[in-house]
Amino acid sequence: MAKRNYSTKPPSRGCGALFFGVFLAFGAFFALMIIGDFYPKAQSHFWTKTPATIYESAVGENGGKKGFEVIMHYGYEWNGQHYEGRKVRLGKDTFDASESQQVVNRFPSGAATNCYVNPERPTEAVLMQSSLKEWFILLIPGIFMLVGAVGIYVTLTWKAEKDRPISARKKSGVWGIRIFFLIFFLVGAGIAYPLFINPWLKSQTAKDWPRVPCTILSSSVERHSGSKGGSTYSILIRYRYEIGGREYFGDRYNFSVGNSSARDWRNEAVQQNPAGKETICLVNPEDPTDSVLSVEVGSAIWFGLIPGFFALIGLWGLIHSLCSKSNKKADLSGIPKPQTERFAALESGGPVVLTPTYTPEKVFLGLLMFGLVWNGIIFAIIYNAGKKLGGGWIVLGVFALIGIGIMVGVVHQFLAMFNPVPTVTASSGAIALGETLKLDWRFTGDIKRMKHLRIHLLGYEKATYRRGTDTVTDTSYFINVVILDVTDSAVMSSGESNVKIPASYMHSFDAPSNKVVWFIKLHGDVPKWPDVSLEFPLTVLPRKPNYSAV
Amino acid sequence: MIRLGLQDHRTNFRPGETIEGAALWECPKAPKRAEVRLLWFTQGKGTTDTETVAREEFSNPLPGDTRTFTFTVPEAPYSFSGRLIALIWAVELVLEDEDEFQRISITVTPDGQEVSIPSVEKPDLPGLATR
């Protein structure tokens, strides 16, 4: 007997409001921090645009520190008085190699341009205004603030389920599941893109870039102390190259992003590229400021496959929920339309060949496709990365083992395709409670290989619910009728049997989260070979009018 | 004050039968909307599923009013109770914007008794797709 209680006890409103209040406060705090940081840089947007002349423009090293310095000198007139400026922009005055080069290209020596002058202090001027794109980062604390504000509103106005009419409640649907999988996909893809996809694609593209002689200016492994005592490392490298007689600087060893604890390959890279070494770099033909020393990806990139795997699960879940049978609206009786249409089949009678839920061919093809995609990706990574995988072998090893497991399943299903094939015919496409179902089965193929055949009528309840972030499904069998249990191959090959559907049971019921399922299970034991194992869904209808239960 | 009653206090119905009842309310001002609904919902381990199968809205409701209604009971689903799921039929009277309501649970089966689903051991058959 199902426990009949409404599981709708509301959380304390005070606690809920406090919880979301913390969200709101954190969001507001970080928003203010960001505004406090960005606002001074954004002030140049209120300054006056004024003609200027560039006197000097060059890229300089930043005293051995990370990044490049732009040496800039320009002059401008304000109220008839001459002023000179050296500031490129408000805020950070160091640039990465590509950025510094672009600034120098944009403001070459002798060029006439515009600068932005502070009208209240004309000695203060900049050449570039801060990008307004940076303000998009406010979206992050903005989301926190939104969640907090909406959470507080919902908490304070929340009405317990028991205080609301059941007919006014929202139906359980698949939207929550879709949003869950969408978030899973977006987060996974969002992390995998910068960690794996983007570096990988760039590396592949850069392989075709022109090779240009370059000189290493400096190289070292930079150590970053972590908050928990550990250290991570990055490569700090600078080099110089010429395109069309013009000098450019680069600071990118490869396309890997971020730091990691892997120090060996970085040390090796630095030892192979000491300061003063004449070597080759690859330069983007469409943007000479865009260059790289090595197109080999570091081992850390393979860890980007982990969020990629989560993104695939999210994508699968999203597609599955979009194609799910539960999306088809149930009719008023809770029986999906295709089932009610079978009323007609019941009325007209007539035998129907039952279709199994999964055939060995379908499972084989599904597994094969999945296995080919999965193993293809793993093989491509191993083939391209070769010995450079480093610590990434651990991650890839796990994925490769999963791939082997999938292929074992493919072989198993392939063998199952050569089993004897049953054709099961029912006296009707749908059978009402209290009626007798006549089953006819017939095998084609080598039936002698099968040593034991069992056919059962089965039924179970199926309840799906959320536990935390998981969707859990529980089942409970309510009927198990043995229709056939034989070991004689002559009896196995074909035959018929009658089974009465008890009138006192529940008919098939199909709602989004709760179901009553009836089916025929056929299982044939084949020694030293995959068994014959098929399930045939059965639609059990309500009792026919005028039927009296015994 | 809000009241809902079924004729002869009946709560067991067979498919195809008629549910007759009356709704009564006394409010300080006339409700914007007054409606009776025939519905089923699930209880138990799974997330609640619900379906309103019929509704009757009372036109021009007064602050104090009494109205009658009738519904025809659909053929399915039956009221049932199992180890995981129970399906319950109900008639609801809802006033205003769902702020006030009254509900009566009923049973819908061919013999007037809720179907009780037993529980059996999971069949000892290899390769069952469902656990």
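Taken together, the values in this text are just the output of simple stated rules run on the coordinates, not laboratory data. Source: prediction; values computed, not measured. No Cβ is skipped: glycine too gets one built from the backbone with ideal geometry, and neighbour counts run over all protein chains shown.
To the nearest whole percent, what portion of all C-alpha pairs in the protein assembly as shown is separated by more than 42 angstrom?
On the way: 123358 of 231540 pairs.
Taking all Cα-Cα pairs of the protein assembly as shown, the fraction more than 42 Å apart is 53 percent.
Percent relative contact order of segment A:421-541, based on C-alpha pairs within less than 8 angstrom and at least six residues apart?
Values: 271 pairs, mean separation 40.8, N = 121.
Relative contact order of segment A:421-541: 34 percent.
Considering segment A:427-547, what Rg and Dmax in Å follow from its alpha-carbon atoms?
Reported Rg and Dmax, both Å: 16.9, 53.
Greater than 18 Å separation of Cα atoms is the criterion. Which listed pairs, A:LYS462/B:LYS122; A:LYS521/A:LYS544; A:LYS438/A:LYS462, meet it? Mind dumping the intermediate values first?
Values: A:LYS462/B:LYS122 13 Å; A:LYS521/A:LYS544 25 Å; A:LYS438/A:LYS462 26 Å.
Exceeds cut-off: A:LYS521/A:LYS544; A:LYS438/A:LYS462.
Between A:ARG106 and A:LEU365, what FRET efficiency comes out of the Förster formula 1/(1 + (r/R0)^6) with R0 = 51 Å and r the beta carbon distance, rounded to 0.05?
On the way: r = 57 Å, r/R0 = 1.11.
Rounded to the nearest 0.05, the efficiency is 0.35.
Across 5 Å bins from the origin, how do the percents of Cα pairs in segment A:65-219 run, short distances first?
Taking every Cα pair in segment A:65-219, the percentages come to 1, 6, 8, 10, 11, 10, 10, 9, 8, 7, 6, 5, 4, 3, 2, 0.
Can you tell me the length gained on complete extension of the stretch A:TYR193 to A:THR94, counting 0.36 nm per residue apart and subtracting the Cα distance?
On the way: separation 99, 0.36 × 99 = 35.64 nm, distance 2.67 nm.
Full extension of this stretch gives 33.0 nm more.
Too long at a 27 Å Cα-Cα cut-off: which of A:LYS362/A:LYS515; A:LYS202/A:LYS277; A:LYS362/A:LYS500? It would help to have the intermediate numbers written out before the result.
On the way: A:LYS362/A:LYS515 25 Å; A:LYS202/A:LYS277 25 Å; A:LYS362/A:LYS500 31 Å.
Check vs 27 Å cut-off fails for A:LYS362/A:LYS500.
Which of the aspartates and glutamates could be linked to A:LYS49 by a straight reach, that is with a Cα gap under 14 Å, when you skip same-chain ones fewer than 8 residues away?
A:GLU77, A:GLU120, A:GLU124
How high is the relative contact order of segment A:208-294, in percent, with contacts defined as C-alpha pairs under 8 Å that are six or more residues apart? Before the final figure, lay out each step's value.
Numbers: 173 pairs, mean separation 33.0, N = 87.
Averaging sequence separation for qualifying contacts and normalising by length gives 38 percent for segment A:208-294.
Normalized C-alpha radius of gyration of chain B, against 2.2 N^0.38 Å? Numbers along the way, then the final one.
On the way: Rg = 18.2 Å, N = 131, 2.2 N^0.38 = 14.0 Å.
Scaled against compact globular proteins, the figure is 1.30.
Relative to the Cα centre, what is the charge dipole magnitude of segment A:9-165, using +1 at the beta carbon of each Lys and Arg, -1 at the beta carbon of each Asp and Glu, and rounding to the nearest 20 debye?
Numbers: 16 positive and 14 negative charges, 175 e Å.
Dipole magnitude for segment A:9-165 comes out near 840 debye.
With no other cysteine's Cβ closer than 4.7 Å, which Cys residues of the protein assembly as shown count as lacking a disulfide-compatible partner?
Isolated Cys, the protein assembly as shown: A:CYS15, A:CYS115, A:CYS323, B:CYS27.
Please state, as a whole number in µm²/s, the translational diffusion coefficient that the Stokes-Einstein equation yields for segment A:208-294 at 20 °C and 1.002 mPa s, with Rh defined as the Kirkwood radius across alpha carbon pairs. Before the final figure, lay out the partial values.
Values: Rh = 13.7 Å.
The estimated diffusion coefficient comes to 157 µm²/s.
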